[in-house]
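A short worksheet on the structure shown next.
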Amino acid sequence: MSNSIVPIKEFRLELSDLTYTGHDLVRPESVLAQPDGTLWTSDGRGGVTRINPDGSQQFIGGLGGNEPNGLAMTDDGSLIVANLGSSVVQKLHPDGHVEAILTEVDGVKITTPNFVFLDSRNRLWISVMTREHHWWPAAAKSRPDGYIVLIDEKEPRIVADGIYLTNEVRLDAREEYLYAVETIMNHMIRFRVQPDGSLTDKEVFGPNNLGAGAAIDGFAFDADGNLWVTLVLRNGLGVITPDGDHHVVIEDPREDALKSLEEKIANGTAKPSDMAMTAGPNLQFITSLAFGGSDLRTAYLGSLAMNRLPTFQSPVAGLPMRHWK
């Protein structure tokens, strides 16, 4: 649909509105855009893929595992990677060498680091999905054992705990609140950020439940303060406006498979294969959104199962990330 004058609450996309970026990508769960048009995606072959403005691509390995996940970029162009499959947060330097920057907190090994967010003060916020050794048990049977780690000038420390399957975390434009995804609860939460980095005043932001099968995976802010949320099991995307309203922009759900998964979760018999059945016919497991392009109006969607990035033009520019110089 034309988006030149469409109010955000009326913005919808059809499958035919999407274009696609990249090719032969492997589990491009997280996407990072740079001002020059370069894109970076996490890559299930144990690394990242760089998509150049001319469309050429390079795979850069060395991270290990098959689930490199959330990405952040430092001032020198290094990538910080939450390596979910290898239970480590890593730094991939521009020269290709890999450094482990977090493997444990308070003497306890982290198991499921999902996402990393670098704020304007160079503080690194890390989401950990669960204390289980793999994220699946906490998805199949919900438990509040996810947490958020802060790395600043002090020792790494847990600043929020008791979260249901913590996914992406980001600070708002003024860095007054940290927003986090509680995937298995189908909603967003937020905390007030105190000067020392501690998090207080936890509350649900937006609807308490976005609906049947509406598990949120990732999100991004636009310049107007809207939250664009990816609905991983409904293979779609929604928007939560600052007043807490939510609407679906696009989705490609398999309602029968979602109903079956919910029933099996309820009776304790769910398997990963049941979740796999919810992949849509056209879109499969949309996990993240990155705003890019010279005007930050080009939106790129990451996923767990697609080999290219669904792409569309947003009616609102994205909120620039820290590395957007």
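Tell me, Kirkwood radius of the stretch 252-291 from alpha-carbon pair distances, in Å? Could you put the intermediate results ahead of the total?
On the way: mean 1/r = 0.0913 Å⁻¹.
Evaluated on the stretch 252-291, it is 10.9 Å.
Using the Karplus curve 6.51 cos²θ - 1.76 cosθ + 1.60 with θ = phi - 60°, work out ³J(HN,Hα) for each residue of the stretch 272-278 in order, rounded to whole Hz, and write x for Gly and Pro.
x, 5, 5, 5, 4, 5, 7
Can you tell me the dipole magnitude for the stretch 231-325 around its Cα centre, using point charges on the Cβ only (Lys, Arg +1; Asp, Glu -1), in Debye to the nearest 20?
Here the size comes out at about 460 debye.
Check which residues have an amide H placed less than 5 Å from residue 318's amide H, if you skip close sequence neighbours.
Amide H neighbours of residue 318: 223, 297.
Taking the stretch 141-197, which GluC sites (Glu not before Pro) meet the DSSP loop condition and have no more than 14 other C-beta atoms within 10 Å?
Passing sites in the stretch 141-197 are 153, 175, 176.
Over 20 Å intervals from 0, what percent of Cα-Cα pairs in the chain sits in each interval?
35, 61, 4
Place +1 on the Cβ of every Lys and Arg and -1 on the Cβ of every Asp and Glu in the stretch 96-241, take the dipole about the Cα centre, and give the residue among 126, 142, 228 whose Cα lies farthest towards its positive end.
142
Between their Cα atoms, which of 109/271; 154/325; 9/259; 202/271; 91/325; 109/202 are more than 22 Å away from each other?
Values: 109/271 26 Å; 154/325 27 Å; 9/259 28 Å; 202/271 32 Å; 91/325 20 Å; 109/202 25 Å.
The answer is 109/271; 154/325; 9/259; 202/271; 109/202.
Quickly estimate the mean residue ellipticity at 222 nm for the chain, helices only: each DSSP H run with n ≥ 4 gives -39500 (n - 2.57), and the total goes over all residues, rounded to 500. Present the calculation step by step, with values, prior to reporting the outcome.
Working: 3 runs with 23 residues, N = 325.
Theoretical 222 nm ellipticity from helices: -2000 deg cm²/dmol.
Can you compute the charge dipole magnitude of the stretch 187-281 about its Cα centre, using +1 on each Lys and Arg Cβ and -1 on each Asp and Glu Cβ, nothing else charged? Give it in debye, rounded to the nearest 20. Provide the component values of the computation, followed by the final result.
Details: 8 positive and 15 negative charges, 66 e Å.
Dipole of the stretch 187-281, to the nearest 20 debye: 320 debye.
Can you tell me, using C-alpha contacts under 8 Å and at least 6 residues apart, the relative contact order of the chain as a whole percent?
Averaging sequence separation for qualifying contacts and normalising by length gives 17 percent for the chain.
Quick check: at a probe of 1.4 Å, how many percent of the accessible area of the chain sits on carbon and sulfur atoms?
Working: 6490 of 13030 Å².
Carbon with sulfur: 50 percent of the solvent-accessible area.
Give me the number: length gained by fully extending residue 132 to residue 241, i.e. 0.36 nm times residue separation minus the C-alpha to C-alpha distance, one decimal in nm. Provide the component values of the computation, followed by the final result.
Numbers: separation 109, 0.36 × 109 = 39.24 nm, distance 3.34 nm.
Using 0.36 nm per residue and subtracting the Cα-Cα distance, I get 35.9 nm.
For the stretch 139-147, take each phi angle, set θ = phi - 60°, evaluate the Karplus expression 6.51 cos²θ - 1.76 cosθ + 1.60, and give the result in whole Hz per residue in order, putting x for glycine and proline.
So the Karplus estimates, Gly and Pro as x, are 7, 6, 9, 4, 8, x, 10, x, 7 Hz.
So if I take the centroid of the Cα atoms in the stretch 179-229 and the same for the stretch 264-325, what is the distance between those two points in Å?
Cα centroid of the stretch 179-229 versus Cα centroid of the stretch 264-325: 16 Å apart.
If you wrap the stretch 162-237's Cα atoms in a convex hull and average its projection over all directions, what's the area in nm²?
Working: hull surface 19.7 nm².
Across all orientations, the stretch 162-237 yields a mean hull projection of 4.9 nm².
With the other protein chains left in place, how much accessible area per residue, in square angstrom, belongs to the chain at a 1.4 angstrom probe? Don't skip to the answer; put the middle values down first.
Values: 13030 Å² over 325 residues.
Accessible surface, normalised per residue, equals 40 Å².
Hey, what do the phi angles of the stretch 85-91 turn into as Karplus ³J(HN,Hα) couplings, whole Hz, using 6.51/-1.76/1.60 and θ = phi - 60°, x for Gly and Pro?
Ordered by residue, 3J(HN,Hα) equals x, 10, 6, 8, 9, 10, 10 Hz.
What Kirkwood Rh does the stretch 15-93 have if only Cα atoms enter the pairwise 1/r average? Answer in Å.
Numbers: mean 1/r = 0.0784 Å⁻¹.
Result for the stretch 15-93, one decimal place: 12.8 Å.
Taking the Cα atoms of the stretch 31-143, what is the range of coordinates along each of the three principal axes, in descending order and whole Å?
45, 30, 23
Could you work out the Rg to Rh ratio of the stretch 223-325, with Rh taken as the Kirkwood radius (inverse of the mean 1/r over all Cα pairs)? List each step's numbers first, then the result.
On the way: Rg = 15.6 Å, Rh = 14.9 Å.
Across the stretch 223-325, the Cα-based Rg/Rh ratio is 1.05.
Over all alpha-carbon pairs in the stretch 117-254, figure out the percentage whose distance exceeds 21 Å. Display every interim value, and only then the final one.
Values: 3752 of 9453 pairs.
In whole percent, the share of Cα-Cα pairs in the stretch 117-254 beyond 21 Å is 40.
Which order, highest average first, do 62-75, 199-212 follow once you tally other Cβ atoms within 10 Å for each residue and take the mean per peptide? Don't jump to the answer; show the numbers that get you there.
On the way: 62-75: 20.4, 199-212: 14.3.
Listed from highest to lowest mean packing, they are 62-75, 199-212.
Under a point-charge model restricted to the Cβ atoms of Lys and Arg (+1) and Asp and Glu (-1), what is the dipole moment magnitude of the chain relative to its Cα centre, in debye to the nearest 20?
Numbers: 28 positive and 43 negative charges, 84 e Å.
Roughly 400 debye, rounded to the nearest 20.
Mind ranking 187-197, 96-106 by how tightly packed they are, going by the mean number of other C-beta atoms within 10 angstrom, highest first? Intermediate values should be presented prior to the final figure.
Working: 187-197: 17.1, 96-106: 13.6.
Result, highest mean first: 187-197, 96-106.
From the C-alpha coordinates alone, can you work out the Kirkwood hydrodynamic radius of the stretch 212-257, in Å? All intermediate terms of the calculation are to be shown ahead of the outcome.
Values: mean 1/r = 0.0924 Å⁻¹.
Hydrodynamic radius (Kirkwood, Cα only) of the stretch 212-257 equals 10.8 Å.
The values are calculated or read from the model by the stated rules, or taken from the named source; none is laboratory data. If you're wondering where the values come from, they're calculated on a predicted model, not measured in any experiment. Heads up, the Cβs are rebuilt from the backbone with ideal geometry, glycines too, and the neighbour counts pull from every protein chain shown. We work out accessible area using only protein heavy atoms, side chains counted, and drop any ligands, DNA or RNA first. Shrake-Rupley method; radii C 1.70, N 1.55, O 1.52, S 1.80 Å.
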